[in-house]
Amino acid sequence: MHEDRDLRPSDIQALSNRDNLAAFWGRLGYNVDARLAQTPQAMGITADTLQPQICHIERIADQENGTLQVYLVELQSLTQGNLQGIARAFRNRAGQFLLILASDYEELDFVLLERVLPGTAESGDRDAAGEHPAPRAHSQSAQSRHG
């Protein structure tokens, strides 16, 4: 993606369901033709406490043939524990991931999982290359979307 795109408040206000989120990423130039609904098990999410929290998980967009993949995860509730569990499931996957976490679409959490080299972040789970996913989150509430 090589050009900036202007966003209008109405673009953000429309982020109220799966299809609108996918359409939003399509307008930003991402490939949304390969949407793929997943199960927690297929994504490597095995924690018994986390699986029932996930209502839906789907790759809704990608950029440059999977270099950056955008996943929507609909949860019973948005908690730090749920975020950390989902981030752990992505640690052994190649590529970069942007997660959009939603429960009722009143608040959306945008979480970029970045690979962090040892010594550049606090200790945590590490993959075979000595890196670990470090979630960087930004929440967008319905009040600021509708305001």
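Readers should treat all values here as calculations from the given coordinates under stated rules, not as data from a laboratory. Note that the coordinates shown come from a computational prediction; the quantities given were computed from them, not determined experimentally. Note that each Cβ is placed from the backbone with ideal geometry, even for glycine, and that neighbours are counted across all protein chains shown.
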> Relative to the present Cα-Cα distance, how much length would full extension add between ALA47 and THR79 at 0.36 nm per residue of separation?
Replying inline: 10.0 nm
> Once you sort the root eigenvalues of the Cα gyration tensor of region 4-113 as a ≥ b ≥ c, which label holds: rounded (a/c under 1.5), prolate (a/b larger than b/c) or oblate (the other case)?
Replying inline: oblate
> Once label points are set 7 Å from the Cα along Cα→Cβ at both ILE12 and LEU68, what is their separation, rounded to one decimal in nm?
Replying inline: 1.8 nm
